[in-house]
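Engineer: Here's a structure for you.
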Amino acid sequence: MSSFELFIVFAALIALVALVAIAIDWVGRPLKTKRFIPRIYRFEDEIYHEEPMAGLAQVDPVAGYGTVGAGPQVAQAPVPYSHPPIAPYATPGAPPTPDAPPKPPEVVPPSKPARPTVVATVHEEQAPLTDALGSDPKPTRSSSVFSDEISDDADEDPEQSRIASTEPVAAPTSWQPGDPLDARQNDRKPTTALKAQRFWQTIAATLEADSHFDDAARSRMADGRAPRRRNPRTGSTETASLVGLRSAASADEVRMYWPDDSVDPWSAS
Amino acid sequence: MAESRLPGRKPRWNGKKVLEIVEVPVSDGDIITIDRIASSELRAQALKLGVDKGDLRANGVAVPTIAVWSHTAPQSVTVEVVGHKVRSMTLWNAWSHGGVDSSWIGSSGIVIEDDDSGRILRCSDGLGEATFDDLVVRVAIDRSS
């Protein structure tokens with residue numbers, strides 16, 4: 001591809017990206033006038049009332065809380081808080097005077113922010129609260145059900161002492177002769193060489209006492225290596241080979257063979 | 001017959017030498033007759049023949065190496081040597097154990113005995129004690145010239 005064609009392709013990609021950006025902006029334009037009003041108010045003074053509370057700055061929940069994008073907001077000058085006038089004490093039993101100024105509404109002081117509720121724990125004991133600086137030199141173990149620490153208390157109900165078991169997982173046992181050849185090791189599929197090693201080790205473990213393999217061959221197979229023999233015709237050392245190993249899951253699916261080029265003229269095949 | 005022996009094996013059995021292979025000089029056109037006298041019933045036994053150059057023709061098949069198995073070949077078979085450059089033929093025994101064609105391992109070996117009709121090869125497979133009665137064959141060579 002020449003440089004000119006490359007430039008054309010690059011320009012087309014840039015144009016495509018620009019079109020996508022324009023489309024996103026076009027779709028997102030009406031959202032700019034949307035106003036976001038939080039549904040949950042934690043504090044009393046954030047809850048919208050029809051009658052303005054005396055002494056408190058009226059906050060327009062529509063315009064006061066973050067609006068997305070531009071939009072004319074109802075600008076209100078903040079009203080400083082002033083203590084309401086104290087009503088005169090009424091005499092007990094005396095009817096209220098008609099000319100008496102209207103009883104100012106009760107001023108409800110802003111409620112203190114609610115303390116975050118402590119998570120319910122199963123145990124009566126509760127870890128002492130520490131400040132943010134963690135001045136407690138010896139932080140005690142949390143006995144919350146959400147704790148993942150093992151509790152040393154033997155009297156605790158083991159079923160409720162923890163949600164997730166934190167007992168040490170027993171180390172996975174290594175492969176043993178007789179196990180499947182394709183057993184995973186370290187969560188990995190065994191290689192063909194490893195499967196061959198396992199095959200020979202399985203054969204070595206299942207050899208009969210009067211097998212035609214001598215001690216040297218048995219030792220080799222126990223080490224995971226193929227047996228060898230000396231070819232008296234050529235004088236060379238030959239090693240047994242395997243067939244069907246790649247897809248085999250057990251030793252029965254694998255066949256070993258010695259190098260041989262003889263032909264049976266009377267065989268059916 | 002030339003002889004070759006595996007190291008570490010018993011060199012003799014009943015006063016006779018134990019061999020791995022038996023080498024016989026042959027030439028083009030020679031006819032080898034193999035009569036199977038006895039064979040083990042526990043597993044298939046074979047007598048294998050191979051030439052250095054050329055082929056061996058038997059049952060319409062011409063290949064350099066032939067295997068005469070006890071479970072497929074007739075009791076008496078004839079093998080023809082084919083090739084002008086053939087000089088020698090090698091004989092050795094084999095057996096099938098677990099579906100594996102094996103030779104020259106374990107207690108395997110060949111002991112040669114002579115009788116009036118030819119040479120008798122007593123073969124032992126590699127399993128168990130060597131008794132040299134796992135395969136007993138008589139081999140006779142009819143020279144072409």
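Engineer: With the requirement that a residue be at the interface with another protein chain (Cβ under 10 Å from one of its Cβ atoms) and part of a strand (DSSP E or B), what does the range B:6-46 give you?
Structural biologist: Listed by number, the residues that qualify are B:L19, B:I21, B:E23, B:A46.
Engineer: I've got another one for you. Taking A:E238 as meeting all but one of (1) farther than 27 Å from B:V22 by Cα; (2) touching a strand residue (DSSP E or B) at 6+ places or on another chain (Cβ under 6 Å), write down the number of the exception.
Structural biologist: So A:E238 meets the others, but not (1).
Engineer: All but one of (1) more than 8 Å from chain A (Cβ to nearest Cβ); (2) under 30 Å from A:A251 (Cα atoms); (3) touching a residue at least 24 places away in the same chain (Cβ under 8 Å) hold for B:S107; state the number of the condition that does not hold.
Structural biologist: Answer for B:S107: the failing condition is (1).
Engineer: Next question. So, in the range A:200-223, of the ones that are small (G, A, S) and within 11 Å of chain B (Cβ to nearest Cβ), which residue ends up farthest from B:G50 (Cα to Cα)?
Structural biologist: Step by step, filter the range A:200-223, then rank; the result is A:A209.
Engineer: Given the criteria crowded, with 22+ Cβ neighbours inside 10 Å, at pLDDT 90 or above and among the β-branched types (V, I, T), does B:I120 qualify?
Structural biologist: no
Engineer: Right, here's the next one. So how many residues does the range A:224-249 have that are in contact with an Asp or Glu (Cβ under 7 Å, 6 or more places away or on another chain), touching a residue at least 12 places away in the same chain (Cβ under 8 Å) and more than 10 Å from every other protein chain (Cβ to nearest Cβ)?
Structural biologist: Count: 1.
Engineer: Would you confirm whether or not the range A:192-199 contains a residue that is more than 29 Å from B:A94 (Cα to Cα), modelled with pLDDT of 90 or more and away from every other protein chain (no Cβ under 11 Å)?
Structural biologist: Yes, the range A:192-199 contains a residue that is more than 29 Å from B:A94 (Cα to Cα), modelled with pLDDT of 90 or more and away from every other protein chain (no Cβ under 11 Å).
Engineer: What number of residues in the range B:105-117 are surrounded by fewer than 23 Cβ atoms within 10 Å (Cβ to Cβ) and closer than 29 Å to B:D142 by Cα?
Structural biologist: 7
Engineer: Of all residues being assigned to a strand (DSSP E or B) and facing chain A (nearest Cβ under 7 Å) in the range B:51-64, which is surrounded by the fewest Cβ atoms within 10 Å (Cβ to Cβ)? Just the residue, please.
Structural biologist: So, considering only residues that are assigned to a strand (DSSP E or B) and facing chain A (nearest Cβ under 7 Å), the one surrounded by the fewest Cβ atoms within 10 Å (Cβ to Cβ) is B:V61.
Engineer: Are any residues in the range B:17-33 within 14 Å of B:T90 (Cβ to Cβ) and either surrounded by fewer than 17 Cβ atoms within 10 Å (Cβ to Cβ) or among the hydrophobic types (A, V, I, L, M, F, W, C) (or both), and if so, which ones?
Structural biologist: B:L19, B:I21, B:V22, B:V24, B:P25, B:V26, B:I32
Engineer: Another question, then. Checking B:T131 against (1) within 21 Å of B:A58 (Cα to Cα); (2) over 12 Å from the mean Cα position of the chain (by Cα): exactly one of these is not met. Which one?
Structural biologist: (1) is the only condition that B:T131 fails.
Engineer: Okay, moving on. Would you call B:G98 without any contact (Cβ under 8 Å) to a residue 40 or more places away in the chain and surrounded by fewer than 16 Cβ atoms within 10 Å (Cβ to Cβ)?
Structural biologist: yes
Engineer: Tally up the residues in the range A:195-213 that are small (G, A, S) and assigned to a loop (DSSP other than H, G, I, E, B), please.
Structural biologist: Result for the range A:195-213: 2.
Engineer: Can you pull out every residue in the range A:250-267 that is within 7 Å of chain B (Cβ to nearest Cβ), within 30 Å of A:P190 (Cα to Cα) and surrounded by fewer than 14 Cβ atoms within 10 Å (Cβ to Cβ)?
Structural biologist: A:Y257
Engineer: Only residues that are more than 14 Å from the chain's Cα centre (by Cα) and at the interface with another protein chain (Cβ under 8 Å from one of its Cβ atoms): list them for the range B:65-104, please.
Structural biologist: B:T72, B:P74, B:H97, B:G99, B:V100, B:D101
The values are calculated or read from the model by the stated rules, or taken from the named source; none is laboratory data. Bear in mind that the values here come from a model prediction, so they are computed numbers and not experimental data. Heads up, the Cβs are rebuilt from the backbone with ideal geometry, glycines too, and the neighbour counts pull from every protein chain shown.
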